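The values are calculated or read from the model by the stated rules, or taken from the named source; none is laboratory data. Quick caveat: nothing in here was measured; it's all calculated off a predicted structure. Positions of Cβ are backbone-derived with ideal geometry, glycine not excepted, and every protein chain shown enters the neighbour counts. Surface areas here come from the heavy atoms of the whole protein model, side chains and all, with no ligands, DNA or RNA. Shrake-Rupley method; radii C 1.70, N 1.55, O 1.52, S 1.80 Å.
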Amino acid sequence: EGLEGALSKFVGDIMQVPPAFSAIKKDGKKAYELARKGQEVVMEPRAVKIHSLVLSRPYGETSPNFEIEVTCGGGTYIRSLVRDIGRELGTAAHMAALVRTVQGEFALDDCMEFEDIYDCEKVLKAMPKSEERLAGLLEKLKADKKRMQS
């Protein structure tokens, strides 16, 4: 079964225990504030959705490192997902890096490098895509507001 078998167990609706070092409120305080003070923080499992979980770079014989690509719903803690994958494999696991490639309407592939903000040609080229996304987002916000008011 191995790693790919373990990954398949985490696709779909799952229960996840968030990390104690998170911004989730416990007794009116952020959990990380309590954890930093050395207080024990018991986090309750929460339902999250993992749409897809793909092994993009398997580990080799000389390296235990691997890479996964995760498409998930809001509220998912990738740190916790990695921890749970390690537990499923009977070992420990941690993240060495995290790259968020999509957030809502925005994709990393559509972003500009910081140095490019002074390049008018690149800024003008990026604007129609941004305007389309923002217009779509504005329409969704208007529809949500209308739905909430009715």
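To the nearest 10 degrees, how steep is helix 78-88 against the longest Cα principal axis of the chain, on a 0 to 90 scale?
Computed tilt is about 30 degrees.
Out of every Cα-Cα pair in the chain, what percent are more than 27 Å apart?
Numbers: 5170 of 11175 pairs.
Beyond 27 Å sits 46 percent of the P(r) for the chain.
Of the candidates Phe21, Phe114, Phe106, which one comes out as most mobile in a Gaussian network treatment of the chain with C-alpha springs shorter than 10 Å?
Judging by the Gaussian network model, the answer is Phe114.
Under a plain spin-label model, where a point goes 7 Å from the Cα along Cα-to-Cβ, how far apart in nm are Ser63 and Lys125?
Label at Ser63, label at Lys125, 3.1 nm between them.
Report, to the nearest whole %, how much of the accessible area of the chain belongs to carbon and sulfur atoms, 1.4 Å probe, protein only.
Numbers: 6130 of 11430 Å².
Result for the chain: 54 percent of the exposed heavy-atom area is carbon or sulfur.
Straight-line reach from Lys9: which lysines fall under 20 Å, measuring Cα to Cα and dropping same-chain residues less than 8 apart?
By straight Cα distance, Lys9 reaches Lys49.
Could you give the angle, 0 to 90 degrees to the nearest 10, between helix 120-149's Cα long axis and the longest principal axis of the Cα atoms of the chain?
Helix 120-149 sits at roughly 80 degrees to that axis.
Per residue, how much accessible area does the chain show when a 1.4 Å probe rolls over the protein heavy atoms, in square angstrom? Each step should come with its number before you reach the end.
On the way: 11430 Å² over 150 residues.
Value for the chain: 76 Å² per residue.
Modelling each spin label as a point 7 Å along the Cα-to-Cβ direction, I'd like the Leu34/Lys142 distance in nm, to one decimal.
4.4 nm
What value, in deg cm²/dmol to 500, does the helix sum -39500 (n - 2.57) over DSSP H runs of n ≥ 4 give at 222 nm once divided by the residues of the chain? Provide the component values of the computation, followed by the final result.
Working: 4 runs with 54 residues, N = 150.
The per-residue figure over the chain is -11500 deg cm²/dmol.
Need one number: convex hull volume per residue for region 90-150, Cα atoms only, in Å³. Walk me through the intermediate numbers first.
Details: hull volume 8.8 nm³, N = 61.
Per-residue hull volume (Cα only) is 144 Å³.
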